[in-house]
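Colleague: Questions regarding the structure given below will be posed in turn.
Derivation of every value follows stated rules applied to the coordinates shown; laboratory data play no part. As the structure is a computational prediction, the values presented were derived from the model and not from experiment. Cβ placement follows ideal geometry from the backbone for every residue including glycine, while neighbour counts extend to all protein chains displayed.
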């Protein structure tokens, strides 16, 4: 019985250490959120099918220009975007995981950081 209890405690301790070590920090969250935001802008504006249907080849060209501008950081640089996200994010560090709440105009997002991953929990628009 004591061996099982010891193994159980050792296993829980190892899991706790793994969670603590892989709890993503604010810089990792900023990079993740900036990339996610850029992808949202790209899919919402640059790849809008309405551009092609309304403007034909011109719409496609505008979409390509938009994609290039995002990729090259001409619209907003990666560092500026990460700084903006950090300024608008509250991190709750629970040691084994972190809860990030980012509030930008008209959008509030809550994301769980655990095991070097980010899991969206809630998005409120409006």
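Colleague: Among 3, 107, rank each residue by its count of other Cβ atoms within 10 Å, from fewest to most, as a rough exposure measure.
Modeller: Details: 3 7, 107 14.
The fewest-first ordering by Cβ neighbours comes to 3, 107.
Colleague: How do 21-28, 94-101 rank on mean C-beta neighbours within 10 Å, highest first? All intermediate terms of the calculation are to be shown ahead of the outcome.
Modeller: Working: 21-28: 14.4, 94-101: 16.1.
With the highest mean Cβ count within 10 Å placed first, the list reads 94-101, 21-28.
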